[in-house]
Amino acid sequence: MILGDEDEQLAVLAEPPVRKQGPFAVTVAFVKKTLVIAEMEVRRLRHDPTDIVTRAVQPAIWLVVFGQVFTRTRAIPTGHMRYIDFMAPGVLAQSVLFIAIFYGIAVIWERDLGIIQKFLVSPTPRQALVLGRALSAGARALPQALIIYVLALLVGVHMNFRPLALIGVMVAVVLGACIFAIFSMIIAALVKKRERFMGIGQVLTMPLFFASNAIYPISIMPAWLRAIAHANPLTYEVDALRGLMLEHGECIYGLGFDFAVLVCVVILFVVIGGRIYPRVVI
C-alpha cells in the first residue's frame, strides 16, 4: 500500500510527456518522475524503521563472529591488512546485496494489489519507474552502512572518515543497491510468482556473495571462479568500498574503473528493466 498522498504523487506521474521541447526539458521531467517513485518507496521505510534493524542482524554476525575468528586464525592471506579490516567493506556490500536482491518481491506484491497497473497506464517512462525503485533501495541501504560503520568501529576496524571518502562510500552503496534491485525486478517480471521468485532469489544470493572479493582475495580463487568474480558487479563495489572505507585501503582496479563499471551496469540494467518491467502484469 502506498502511504501518504498517493493521489498527488500519481498526478505527478500522470503528467503528459514532454513533446516538442529540448533534451534538457525531457531530462528534467524524467528525473522528476524518477524521484517521485523513489520518494514513495522511502516513505514506507519511514513508517517501518524496524526493517533497518532486523536486516542488520546478519551482517553484524558476519562481522562480529566470522571476522573476529578468522582475524585470529590468519587463515586467509590479506597482505599487510588485518582480516577484520579486509572483511568490513565486504560485509557492507553483503548487506546492500541482501537488501536489494529481494526487492522484486514488492513488485509482485504490488501487482497483486493493482498498484503496478496504475503506474503502467500513466505516461511515466518505464525506465523512470525502474530507476526510482532502485534509488529507493539505495536509500534503504544507507542506514545499513551507518550501522556497519558503528559495528566496525566497535570491533577495531581502522576506518577512513575523510568527507570525500564518506561521499564515495555513499555513492558506491547506492550504485550497488541499484544494480541488484533492478536485477531483482527483472527476475520478478520474468517469473511473476512470489514462491518462484523467493526460490530463485535464495539460489542467487550466496553465489553472488561468494563469487566476489567480499571475504577473500580474488588471487586465491581457482581460475574458473576468478573469471566469474571479474564479471560480478559486487566485486567492483567491494573494491571501491575497500579503497574508501579503510584508513589505508587500496583498490585493485582503481576507483575510477570501479565506479565506471557500476554506472555502466546500472544504465544497462535500467534499459533492460524498462523493457521487461511491464511483463510483470502480463
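Bear in mind that the values in this text are calculations on the coordinates, not laboratory data. Nothing here was measured: the structure is a model prediction, and the numbers come from that model. Cβ sites come from the backbone with ideal geometry, for glycine too, and all protein chains shown count toward neighbours.
Between residue 164 and residue 219, what is 0.36 nm times their sequence separation minus the Cα-Cα distance? Round to one decimal in nm. Kindly include the intermediate steps, with their values, before the conclusion.
Details: separation 55, 0.36 × 55 = 19.80 nm, distance 2.89 nm.
Once the chain is fully extended between residue 164 and residue 219, it gains 16.9 nm.
Go ahead and run the numbers for FRET between residue 154 and residue 264, Cβ-Cβ distance against an R0 of 35 Å, rounding to 0.05.
That gives a FRET efficiency of 0.45.
Quick one: length gained pulling residue 76 to residue 227 fully straight, 0.36 nm per residue minus the C-alpha distance?
My answer for the length gained is 52.4 nm.
I'd like the Karplus ³J(HN,Hα) series for region 136-141: coefficients 6.51, -1.76, 1.60, θ = phi - 60°, whole numbers in Hz, and an x wherever there's a Gly or Pro.
These are the phi-based 3J(HN,Hα) values: 5, 5, x, 5, 5, 6 Hz.
All other residues with a Cβ under 13 Å from the Cβ of residue 233 taken together, and with Lys, Arg as +1 and Asp, Glu as -1, what is their net charge?
Result for the local shell: -3.
Tell me, what is the FRET efficiency for residue 25 and residue 192 to the nearest 0.05, using R0 = 25 angstrom and their Cβ-Cβ distance as r?
0.10
Do the sum for the chain: with -39,500 (n - 2.57) for every DSSP H run of n ≥ 4, divided by all residues, what is the mean residue ellipticity at 222 nm, to the nearest 500 deg cm²/dmol?
Calculated mean residue ellipticity at 222 nm is -23500 deg cm²/dmol.
When every alpha-carbon pair in the chain is counted, what percent end up more than 31 Å apart?
On the way: 11449 of 39621 pairs.
Of all Cα-Cα pairs in the chain, 29 percent lie more than 31 Å apart.
Taking the Cα centroid of region 147-203 and of region 250-282, what is the distance between the two, rounded to the nearest whole Å?
If we compute the Cα centre of each part, the gap is 13 Å.
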